[in-house]
């Protein structure tokens, strides 16, 4: 019998009703006429030849006879299946093959996606065309497009009654191992559920009730065979091991088997041409279980059980699955603050394969934290644990059996930790404290050039997520807030945010909010949405050309559940010491200073100038010059300059409105193109008699500039 379908009786298609018409539409796909057989009571087989275009070197025939299995009654909704009609079809050379079930041959696997979902959107004719495409790809050797970065299909199990749960730390090593090996390790088989076993290849001492035998033929033995028939007896398994050139000595195995050993797990490593789908190595396994006594007694007719290997996820797998950039993978990360935002970011990063963390928090887990903390499931409301220590315990349990020396917890105040820490050991600081004190503490720390800083916080009652990405840590984080104020002058979204935030604050606008209070009304899903975007930015912080910037995420702006994001570049700021008061500093964005100098150069030998607006940090004696305004009625000459007032009143109102009172009039600037940068007698008199009285807090700055040089002078009642 050359064709499988010959064993089935034929059906007259006229008895099929509407299905007959559908089958007629398939005629053009088949090379010759097709016939219909009855596979079982409710399933018929459409038998026909399909052109494959195979050449003489192909394992396929130019025309392949196929059988399409179709439901008689539910053919429009029940997914068909297909198998080759010839009995000598070379299944073992084609990875997209399902294993034989019941009385039917192995069927073809036509798609990596769920074929039932695929058929829900396609017709029977589409299905047969998909079969034809499978055959034509197979004829060209392109079922797996290995030259196009495709990956290798994993071997499937005929059945999955027995499981081996294992740690996979050896697979990346085998990927590059020159030598063959036979390695024994300890496996524990559950007494209650003998079908489930747990193996850790690091456990060389064979103290458990089963022995694992991992066999590897060496990396040069590349195996591209697709196995459809597995050994079923111990003798067949020994023969398979010998045929595949595995270095196995039966007497060595017998020597480690004693009365405590119930089973032997033969784990046969297949070194594939490409990485396995769903793994980060080329190592795939066939695994079989034999009774230890059958091995000891040389009972080669004893049956062996097929084992389904399930890999515990490790850092390598998490790194691979998450497509985490290698540039951050081994970085030493310090997380300041393990609250709602910090804990969720830590979870995201750890699940992405990152494993070097110092976790810092002096706070404890309290009952209200269950509403929005990542650890709610581990530490319910009755718990009172340090958050850093609790987060560490949760993270180290995430990847079974993995070493966790890289994760450390410290019940410390964030700044106390930084002051005692060797900062050269830190690659990345994530500040999730929402503390302004901590932010200024980081600004004052002498961080190594390599260290990057990310500050994350929530604002506007949790509806705004703020992420400072500090690549060049010579720029203080305090500059970032100033850039937000500048952006509010032109950006409606940011103006709206600051305006809403002002309603919740009686003092300065707070960019950072924590979730430490049980009165803070922020939903867990909103926090999670912000934290996901923050962690994604962190994962890629070493990729490509990075610059200092602010990421903003706006939740629920258009409708509940909406999320909008934007990025603000952070300009470089230049710092000057006031020429007449060396305890005071002025910080000015490079682009603003450049603009003022360009205005100066454009006027040539005539003086020019304008009003300055900014922010004053009285505690740190720092004046931020952030914006300027040049009235149209100003007049300048070689000998002097008169600053006009046209539009000034309206501009002050605009500044106050857009920045919610956080920017104010801080003084003037004017040019000295022909004289020194020192204040003239007229400049001094003007500042004392007029300008100082206009300053909201009696302190400001007088800026004198040329086209390439600028000097700053403090204005105050004492100066």
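Observations, loosely collected:
- Global geometry of the range 1-130, whether rounded, prolate or oblate, following the gyration tensor of its Cα atoms and the 1.5 cut on a/c: rounded
- Once C-alpha pairs closer than 8 Å and six or more residues apart are averaged by separation and normalised to the residue number of the range 209-363, the relative contact order reads 22 percent.
- Neighbour counting of Cβ atoms within 10 Å sorts the residues 436, 701, fewest neighbours leading, into 436, 701.
- The range 109-153 and the range 241-310 have Cα centres separated by 32 Å.
- In terms of other Cβ atoms within 10 Å, 608, 565, 56, 207 run from fewest to most in the order 56, 207, 565, 608.
- Projecting label points 7 angstrom from Cα along Cα→Cβ for residue 137 and residue 422 puts them 5.4 nm apart.
- Cα shape, the range 573-715, gyration tensor, a/c 1.5 rule: rounded
- For residue 191 and residue 690, the difference between the fully extended length at 0.36 nm per residue and the C-alpha to C-alpha distance is 170.6 nm.
- Rounded if a/c under 1.5, otherwise prolate or oblate - the range 150-234, Cα gyration tensor axes: oblate
- Nearest 10 degrees, 0 to 90: helix 524-539 Cα axis against the chain principal axis: 90
- Full extension of the chain between residue 646 and residue 546 gives 31.8 nm of extra length, using 0.36 nm per residue less the Cα-Cα distance.
- Estimated from helices alone, the mean residue ellipticity of the chain at 222 nm is -6500 deg cm²/dmol (sum of -39500 (n - 2.57) over DSSP H runs with n ≥ 4, per residue).
- FRET efficiency, residue 718 to residue 492 (Cβ-Cβ, R0 35 Å, nearest 0.05): 0.30
- Folded to 0 to 90 degrees: helix 492-503 orientation relative to the chain principal axis, Cα: 70
- The chain, relative contact order in percent, only Cα pairs under 8 angstrom and at least six apart counted: 7
- Between residue 32 and residue 251, full extension at 0.36 nm per residue minus the direct alpha carbon distance yields a gain of 73.0 nm.
- Degrees, to the nearest 10: 124-139 long Cα axis against longest axis of the chain: 90
- Proxy reagent accessibility, fewest Cβ within 10 Å first, across 668, 422: 422, 668
Rule-based calculations on the coordinates, nothing more; no lab input. Keep in mind that what you see is a predicted model, and the values were worked out from it rather than measured. Counting neighbours? That spans all protein chains shown, and the Cβs are built from the backbone with ideal geometry, glycine included.
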